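Here the structure comes first, spelled out in structure tokens, and everything after it is commentary.
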Amino acid sequence: MVQEQAERASAQTAGLPPDLEIETRAAELRSQLQKASYAYYVLDAPELPDSVYDRLYRELQTLEDQYPGLQTSDSPTQRVGAEPAEQFTSVRHNIPLYSLENAFDTEEYLDWQARWQRLEPDVGETTAVAELKIDGNALALTYENGMLIRGVTRGDGIAGEDITQNVRTIRTIPLRLHIENGQAPPPVVEVRGEAFLPLDVFDDINQKRQAEGTALFANPRNAAAGTLRQLDAKIVAERQLDFFAYTVLMPEGTGDLDAPTTQWTALDLLQTLRFRVNPHRKLCQRAAEVASYYDEWEEKRHDLPYLTDGVVVKLDSFELQDRLGFTNKFPRWAIALKYPAEEVPTTLNKITVQVGRTGAITPVAELSPVQLAGTTVSRATLHNADRLIELDLHLGDTVVVRKAGEIIPEVVRVLSDLRPKGAKAYQLPTNCPVCDQPVVKPEGEAVTRCVNQSCPAILSGSLRHWASRDALDISGLGERLVQSWIDQSVVTSIADLYDLTLEDLLPLERMGKQLANKLLQAIALSKQKPWAKVLYGLGIRLVGSTNAQILANRFPSVAMLAAADESVIAQIYGIGPEIAQSVRQWFQLPANQQLIARLEAAGLQLEATPQKIDQRPQPLMGKSFVLTGTLPTLKRAEAKAQIQAAGGRVSGAPSAKTDYVVVGENAGSKQAKADELGLKQLTEAELIELLSSS
Ligand code: IVH
């Protein structure tokens, strides 16, 4: 008895639960969640509804919170680590990650075949595995006793960076190898494969970056590389990287699993271990089959939800692979059969300059239309000023256009020998083509920008950003309305929103009294949004909502931020010199200084209120209100804001679920409805009393 008590006590200090049942339940939950996640992410065949998954997940999390000793490193709750890493450490690969020799057509493929056959004259045509070459970033994953212990980037092939925290967030990488029937896992296994960003995820990321004014990723591979090197695993988890496994390195004769002896069975094994393995592989008996696989995927690859840039062919037999070995750069037993980038020549007729929503100035080549990778191309991006200088473009030049990363066509080079006599060199304008203010190109940066917040080209983007949910949250002020207000010169600056009156809006097309009032109310409400939201809403380049919060915490007023030294801003943890420079530049521009002055005059929160709204007591939490009639002192919008700040909800019409109806003068049908439903009715005075009770 005494011993049992002692055992329990010691188990509890280790954070383990007092009885076995709870431990068993935790193990059962882990395994159910792992299985469901495998079905969802790898097999793409969900077997649990989200709500059930969430319930099981929460149950496991509660158990682990209660008994920390239950937490295992393969628990689904442990995919995202708590603390961002300071930096990554360099790790030497046990076996180097070689790259592959390239072939660009089947003839070059046959040359390669002839070369290895000279070294192994007895082999002749032999089985090879053809796989798609995924255009991502190679990773090496180490599993010890079945558990993922390390994930390392390719680096220079000899040493890479330890990015284990980030690798753990990739849902298609198992945290524990799935080994059946209680067999012992091998002591050490290394799995290699390609991490990549699916195209739709890539598009979403770039759209978000465009909205925030952050530089766009050139292609999914760069975006995946940038993501893998993020210090904060939470951001990595949001980016939804994916992974295809293609190599398993397993010493023979260890553990219960048989080491595979061919590439084909190695891929099967990876699948059994619950990795995602690309389904489009083909076992080829002869070169002609490789050639038809290569031809087949040249077109079909454009329908895949990820990018591929060729085919990888590996001799199937590991024994033959071992005999052939490596040159100092490549394996002799594998080759990458790449697809040629699709390029065509055409004439450069004109260069136009686009001003993006964030002020980014992009030169665009206007071309004589040509067919390229199945579409007609008449415009191509020239990226930025640096690229223009590099290309040395002259109007009338013959240029070569290519589909970059299969997405936007770009000009790759100029055939300067074909340049017409007397052709004029092109230079990017020094002033914004839309508002004529000088453009800015920060040192070391590629992008030239218009930073005049009142430039009509960026005004529309700025207004939409200002009104967006994470910023000032002005409901009803969407893209169409913004554009029509700009077109009709109703607003020429964010600050103009706060001067708008009913008289300004009513004459506009499709603007009734009700809608106009609603919009004015929503605009008025935005004046109560805290300083951090206002700062985010200003749309300063690189100042997303997180950075805005950090800056607002450190500089509790706009005056302090505007006066702060660039070096002081740069020293803030999480900010750095690039953001500091962007903030500085923004505040230096007279147009922006005027904007701030007007916003201040309009009553926006340009400093932190000592008592943050979300820390105020919330006496009306969960209560639902309806306002009707004219209140003696409070405007409708003010009453609504105060109720919301105290945690209450305000809806338009009374229902049985309404807790209170606040009744003012000339109340109409809503009061009648409240009477009918027997709802509690309040005067303004009673409402104020309720608001101040805590
Ligand atoms: S096998 C020694 N298989 O292409 C064998 N590589 O230049 C090396 N890649 O660094 C890799 N898909 O990042 C292999 N199915 C595939 C691949 C693949 C993409 C990448 C890999 C490698 C590069 C070769």
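The values are calculated or read from the model by the stated rules, or taken from the named source; none is laboratory data. Just so we're clear, the structure is a prediction, and the values are computed from it rather than from any experiment. Because the Cβ atoms are built from the backbone with ideal geometry, glycine has one as well, and the counts that use them run over all protein chains shown. Note: areas computed on protein heavy atoms with side chains; ligands, DNA, RNA excluded. Shrake-Rupley method; radii C 1.70, N 1.55, O 1.52, S 1.80 Å.
Could you work out [θ]222 nm for the chain from helices alone, using -39500 (n - 2.57) per DSSP H run of at least four and dividing by all its residues? Round to the nearest 500 deg cm²/dmol.
Values: 25 runs with 252 residues, N = 694.
It lands at -10500 deg cm²/dmol.
So if the hydrodynamic radius of the range 453-609 is defined as the Kirkwood radius over C-alpha pairs, what does Stokes-Einstein give as its diffusion coefficient at 10 °C and 1.306 mPa s, in µm² per second?
It comes out at roughly 99 µm²/s.
Sum up the charges of everything whose Cβ sits under 10 Å from the Cβ of Leu620, counting Lys and Arg as +1 and Asp and Glu as -1, but leave Leu620 out. Don't skip to the answer; put the middle values down first.
Values: positive: Lys623, Arg649; negative: Asp659.
Net charge around Leu620: +1.
Obtain the nm distance between the two label points defined at Ser567 and Glu600 by a simple spin-label model: each point lies 7 Å from its Cα along the Cα-to-C-beta direction.
In this crude label model, Ser567 to Glu600 measures out at 2.6 nm.
Specify whether the C-alpha gyration tensor of the range 527-578 places it in the rounded, prolate or oblate class, a ≥ b ≥ c being the square roots of the eigenvalues: rounded for a/c under 1.5, otherwise prolate if a/b is larger than b/c and oblate if not.
Prolate shape, in that a/c is at least 1.5 and a/b is the bigger ratio.
Across 10 Å bins from the origin, how do the percents of Cα pairs in the range 406-447 run, short distances first?
18, 30, 38, 14
If you take the beta carbon distance between Ser557 and Lys513 as r and set R0 to 51 Å, what does 1/(1 + (r/R0)^6) give as a FRET efficiency, to the nearest 0.05? Please list the in-between numbers first.
Numbers: r = 38 Å, r/R0 = 0.74.
FRET efficiency, Ser557 to Lys513: 0.85.
Based on the alpha-carbon set only, what is the convex hull volume of the chain divided per residue, in Å³?
Hull volume over Cα atoms, normalised by residue count, gives 235 Å³.
Take the Cα pairs of the range 442-499, get the Kirkwood Rh, then feed it into Stokes-Einstein at 25 °C and 0.890 mPa s and tell me D in µm²/s.
Taking Rh from Cα pairs, D becomes 200 µm²/s.
Anything over 26 Å Cα to Cα? Flag those among Lys529/Lys657; Lys338/Lys403; Lys208/Lys518; Lys527/Lys670, in the order listed. Walk me through the intermediate numbers first.
Details: Lys529/Lys657 28 Å; Lys338/Lys403 15 Å; Lys208/Lys518 28 Å; Lys527/Lys670 28 Å.
Over 26 Å apart, Cα to Cα: Lys529/Lys657; Lys208/Lys518; Lys527/Lys670.
Amide H to amide H, which residues 5 or more places from Lys133 or on other chains are under 5 Å from it, using H placed in the peptide plane?
When sequence neighbours closer than 5 places are left aside, the close amide H contacts are Asp309, Gly310, Val311, Val312.
Once you have the Kirkwood Rh of the range 337-469 from its Cα pairs, apply Stokes-Einstein at 25 °C and 0.890 mPa s and quote D in µm²/s.
Translational D for this selection: 153 µm²/s.
Roughly what % of Cα-Cα distances in the range 47-115 sit above 14 Å, to the whole percent? Could the numbers behind the result be given before it?
On the way: 1828 of 2346 pairs.
Cα-Cα pairs of the range 47-115 separated by over 14 Å account for 78 percent.
Under a 5 Å amide H to amide H cut-off, with H placed in plane at 1.01 Å, what residues pair with Glu161 once short-range neighbours are removed?
Val91, Thr153, Gly155
By how many nm would the segment from Asn666 to Ala85 lengthen if fully extended, with 0.36 nm per residue of separation less the alpha-carbon distance?
Details: separation 581, 0.36 × 581 = 209.16 nm, distance 6.15 nm.
Stretched out fully, the Asn666 to Ala85 stretch lengthens by 203.0 nm.
Can you give the convex hull volume per residue for the Cα atoms of the range 87-245, as a whole number of Å³? Display every interim value, and only then the final one.
Values: hull volume 26.7 nm³, N = 159.
It comes to 168 Å³ per residue, whole-number rounded.
Provide the three semi-axes, in whole Å and in decreasing order, of the ellipsoid equivalent to the range 64-155 as defined by the square roots of 5 times the Cα gyration tensor eigenvalues.
Each semi-axis is the square root of five times an eigenvalue, giving 43, 16, 13 Å.
For the range 256-368, how big is the tail of P(r) above 26 Å, as a whole percent of Cα pairs? Before the final figure, lay out the partial values.
Values: 2920 of 6328 pairs.
Here the long-distance tail beyond 26 Å is 46 percent of all Cα pairs in the range 256-368.
Using a simple spin-label model with points 7 Å from Cα along the Cα→Cβ vector, what separation in nm is obtained for Met147 and Leu20?
The answer from the label model is 2.2 nm.
Students often check this: by mean Cβ neighbours within 10 Å, which of 509-515, 208-214, 440-446, 307-313 ranks highest, and how do the rest follow?
Highest mean packing first, the order is 307-313, 208-214, 440-446, 509-515.
At 0.36 nm per residue, and after removing the present C-alpha to C-alpha distance, how many nm does the segment from Ala446 to Thr609 gain when stretched out fully?
Value of the extension gain: 54.8 nm.
For the chain, can you list the cysteines whose C-beta has no other cysteine C-beta under 4.7 Å from it?
Flagged as lacking a Cys partner: Cys284.
Using θ = phi - 60° and the Karplus relation 6.51 cos²θ - 1.76 cosθ + 1.60, list the HN-Hα couplings for the range 627-637 in order, rounded to whole Hz, with x at every Gly or Pro.
Taking θ as phi minus 60°, the curve returns 9, 9, x, 8, 7, x, 10, 7, 6, 3, 5 Hz for the range 627-637.
Return the long-range amide H neighbours of Thr214 (sequence gap of 5 or more, or a different chain), with a cut-off of under 5 Å between placed amide H atoms.
Answer set, sorted by chain and number: Leu542.
How high is the relative contact order of the range 222-328? Use alpha-carbon pairs under 8 Å, at least six apart in sequence, and give a whole percent.
Over the range 222-328, the number comes to 23 percent.
For the range 554-693, what is the Kirkwood estimate of the hydrodynamic radius, computed as the reciprocal of the mean inverse distance between distinct Cα atoms, to one decimal in Å?
18.2 Å
What is the percent carbon and sulfur in the accessible area of the chain, measuring with a 1.4 Å probe over the protein chains and ignoring ligands?
The value for the chain is 49 percent carbon and sulfur by accessible area.
Normalise the Cα radius of gyration of the range 191-331 by 2.2 N^0.38 Å (N = residues in it) and let me know the number.
1.27
Give the accessible surface of the chain per residue, rounded to a whole number of Å², with probe radius 1.4 Å and ligands, DNA and RNA excluded.
Heavy-atom SASA per residue in the chain reads 51 Å².
Any idea how far the Cα center of the range 335-397 sits from the one of the range 646-694, in Å?
Going from one Cα centre to the other spans 61 Å.
If each residue of separation counts as 0.36 nm, what is the full-extension length gain between Gln66 and Val123 once their alpha-carbon separation is subtracted?
Extra length from Gln66 to Val123 when fully extended: 14.3 nm.
Given a cut-off of under 8 Å on Cα pairs at least six residues apart, what relative contact order in percent is computed for the chain?
Numbers: 1196 pairs, mean separation 60.7, N = 694.
Over the chain, the number comes to 9 percent.
With everything on Cα atoms, drop me the angle between helix 545-554 and the longest principal axis of the chain, reported from 0 to 90° to the nearest 10.
Around 60 degrees separate the two axes.
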